[in-house]
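Take a look at the structure set out below.
The values are calculated or read from the model by the stated rules, or taken from the named source; none is laboratory data. In this text the structure is predicted, and so the values were computed from the model without any measurement. We place every Cβ from the backbone using ideal geometry, glycine too, and count neighbours over all the protein chains shown. Ligands, DNA and RNA are stripped out before the accessible areas are found, and what is left, the full protein with its side chains, is counted by its heavy atoms. Shrake-Rupley method; radii C 1.70, N 1.55, O 1.52, S 1.80 Å.
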Amino acid sequence: MNAQTESTTDAQSPGQRANGVARPVIGFRSRILALVIGLLAMSQIAVMMAVLNTTSRSVSARAQDELSVGVRVFEELLTSRQQQLLGTAQVLSSDFGFKEAVATEDLATIESALLNHGGRIAADAVLLVSLNGVVTAATSSLESGKGFPFAALLDDAQRNGQATANVLLEGRPHQLVMVPVNAPVRIAWAAMGFLLDDRLAEDLQALTGLEVTFAAIGTDAEYLASTLTAADRVRLLAQIGDWPVEDGPAAQLNLADDSYFTQSTGLGGRNGQRITALLQTSRTEAMAPYYEVRNQLLLIAGLTLLLSLLGGTLMARGVTRPINTLVAAASRIAHGNYNSPVPRESEDELGTLANAFNQMQEGIAQREERIIHQAHHDVLTGLPNRSSIQQRLEHTLSGNRLTPLILILLDIARFKQINDTLGHATGDAVLLTVANRLQLVVEGRGIAARVGGNEFLVILEDQLRENAATAARSLLDSIALPVGLHDANIPLSLNAGIACFPDDGDAPETLMRRADVALHAAKREDAGQPFLYRSGDDERHLRQLQLLHDLRAAIDNDELVLEFQPKTSLADGRLVGAEALVRWNHPSLGRVAPDVFIPLAEQSGLIQPLTHWVLVNALAACAAWRQAGLRLPVAVNLSGLDVLDHRLPETVRGCLAAAGLPPDNLTLEVTESMLMRDAPLARTHLQQLRAVGARLAIDDFGTGYSSLAQLRQLPVDELKIDRSFVKSMTMDTGDAIIVRTIIQLAHSLNLKVVAEGVETREDWDLLREYGCETGQGFGIGRPMPAHAVDAWHKQWRQQPVPIKSPGDP
């Protein structure tokens, strides 16, 4: 891989920029080289450090050995000089003439003897000290007649017969010995010493190869005798005060010109004075072999790293070339080119990776085909989805084509109940059946698609608006047949909304929206007939959508209200119950009729929360009346969807328990037409509600065309005669016969009867004559708030005649 390719590849890598700031990018080859060189460098450094540390310790140890040897030589030399001094001093003290001169106090002879004997060994100081410690004669500048300055040395000599010591004589270090002068008794002391000076230091340097320094501290002026240079002496003199007097371990001392391994040897001292000898060897000279080894190792390491860099570059190029081929292949795949296989250049892991790339390329191509298909088709039915049908419609309408089209939007009625009661697997089977039927019907004539959960769209070409309803009706007849599943037939009902091109719009979005508006109108009418879009339906549809949106908020925020219409006994006028009627005063649209918003709730899935709200509030009102002394059962209307909801019995039981009421305080009313939609399932759920303990009533009886056999099988307690029969029975003999027949039929089934629409005294009297137990209507009482029921009841009981005819006083 060349540098340009590597740079380009790395420049496209993710994470190159963070917060808009460019970050340096290290290529793969560079990382390989860095790894190889780094590992080699670390190993080289480790080896060098080990070797150099070992060498340094070895050199230091050797320097210390040299110092130790030098110290031993130094000590032996001082011992030898001491023996030489003792021998010469003893010869002097044994000389007869000298003893005679001492005894006779012949000072001239004494001084001559001191000079002669001291000169034989080149002694630097020879003294004669009296027994009382007074210097009698001396070859040094020490004045005669004064006290001997080394009282401790004299004491040692008196105790031991002789004594030796290193002392500071006249501010300079001397090796001094003291022996007695006996004639034959002790008459004096003879002392003789060597000066520890530069000459002695040079002699020791010649023997040991070390730098030697004698230092005397404690006098007014410090003394230094050394083999060091003048500059190093000055530096040493400045540091000598902190140096240990006694023998100590070798240490490193930095002077002006060099650094020295230094060994100190204490030589004693008297009267607060101390003398020390420093033996030193140059660190530079000692470390010379170390530096040579270090330089050789650095040269070897440098050559090794250079060769490794060259070898690593060749190896990295061999590794990155096939990787670069894979990068190019990945880029090609990223741009959708799946037709060029990656060449396999070797049989190693990279060759295996190239094969894996080829397999991946094939797999991606296949998956992309599936993804593209799934993106434009419904997974369950295989039909085109909403996105696909919209694209096809856009293509069809492009180019100002004038061929008429009709869009038929289909909806499976009560599909949610199929899912809820029979399960989603059954619901999927129904959807698949409808899709298959649609494909067979429209094949060669148009396109079918699934555009929603239970919604399908059919586009038929070359169809005029005047033929649209007929075509849609024919389509529904072909599809809306029972679905046979699991040895049972599921009845199928469909709603259809129609929009036509170019009459209802010339854009796909407009046509699909207006077909949806027409479908909502079809579901609202619930007539099982296809609906054509009509001008102005958009505004009505928008109003429906607003109501639907606001209805959800009204339920959640407790913005609905309940009114209660009294039900009285026709025999004696007693108040026997009240029907709860939900009302909605919209904040901007005003009062919305129940027959408007309740169907909306049924279509949108809000009927269950709406029914729950009514139950809770109706039972709360009933409990409040009961607490006030008015035992008044309450009736609540159920939607047909409520009856088909298997969760309703548990909901009713929970609401009764929350209100603290016996179940017989609640009557549930359901319309006859709703019961007939799915009589077997309705019967099952009504039996479950009966088991809860609530009373059941069939509302609007006489309009649902139910048979006597069906009615007999329903577990209900009463029938409510529809007001359409009651309001005209006093004037229409036919309606009177229907009302009387319904009452007789109900009594034959042991059911009570409630008549709706009682408005006049004549209605009251005729219904009582027919045996009807309960009446309800505007003539008795209009719907009223819960808090007004008690006042109405008190006023009602005071009337001598429950309902007055128009001519009554």
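Below are the figures for this structure:
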| item | result |
| --- | --- |
| Checking ILE738 against (1) buried (at least 16 other Cβ atoms within 10 Å of the Cβ); (2) within 23 Å of ASP572 (Cβ to Cβ); (3) of a type in the set (A, V, I, L, M, F, W, C), the condition it does not meet | (2) |
| Within the stretch 421-435, considering residues that are free of Cβ contacts under 8 Å to residues at least 40 places away in the same chain and part of a helix (DSSP H, G or I), the one nearest to PRO530 (Cα to Cα) | GLY427 |
| Residues within the stretch 763-778 that are open to solvent by 40 Å² or more (accessible area, probe 1.4 Å) and part of a helix (DSSP H, G or I), tallied | 4 |
| Residue ID - modelled with the highest pLDDT, chosen from residues in the stretch 637-695 that are β-branched (Val, Ile, Thr) and in contact with a Lys or Arg (Cβ under 8 Å, 6 or more places away or on another chain) | THR667 |
| Residues of the stretch 741-758 classified as in contact with a strand residue (DSSP E or B) (Cβ under 6 Å, 6 or more places away or on another chain) and more than 20 Å from GLY573 (Cβ to Cβ), total | 3 |
| Number of positions in the stretch 726-758 that are acidic (Asp, Glu) and touching a Lys or Arg at 6+ places or on another chain (Cβ under 7 Å) | 1 |
| Of residues in the stretch 477-510 being in a helix (DSSP H, G or I) and either over 17 Å from ASN436 (Cα atoms) or in contact (Cβ under 8 Å) with a residue 60 or more places away in the chain (or both), the one farthest from the chain's Cα centre (by Cα) | ILE479 |
| Positions within the stretch 59-69 being touching a residue at least 24 places away in the same chain (Cβ under 8 Å) and either within 30 Å of LEU303 (Cβ to Cβ) or of a type in the set (D, E, K, R) (or both), in sequence order | VAL59, SER60, ARG62, GLU66 |
| Matching option when the condition is acidic (Asp, Glu) and open to solvent by less than 40 Å² (accessible area, probe 1.4 Å), among GLU669, GLU650 | GLU669 |
| Boolean, PRO184 is touching a strand residue (DSSP E or B) at 6+ places or on another chain (Cβ under 8 Å) and open to solvent by 20 Å² or more (accessible area, probe 1.4 Å) | no |
| Scope the stretch 741-762; condition assigned to a loop (DSSP other than H, G, I, E, B) and either open to solvent by less than 30 Å² (accessible area, probe 1.4 Å) or touching a residue at least 60 places away in the same chain (Cβ under 8 Å) (or both); matching residues | LEU751, GLY757, VAL758 |
| Of residues in the stretch 396-420 being open to solvent by 60 Å² or more (accessible area, probe 1.4 Å) and part of a helix (DSSP H, G or I), the one modelled with the highest pLDDT | LYS416 |
| Residue within the stretch 779-789 that is more than 22 Å from ALA618 (Cβ to Cβ) and open to solvent by less than 50 Å² (accessible area, probe 1.4 Å) present | yes |
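This table checks each residue for (1) modelled with pLDDT of 85 or more; (2) open to solvent by less than 50 Å² (accessible area, probe 1.4 Å).
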| site | (1), (2) |
| --- | --- |
| GLN565 | yes, yes |
| VAL582 | yes, yes |
| VAL592 | no, yes |
| ASP595 | no, no |
| ALA601 | no, yes |
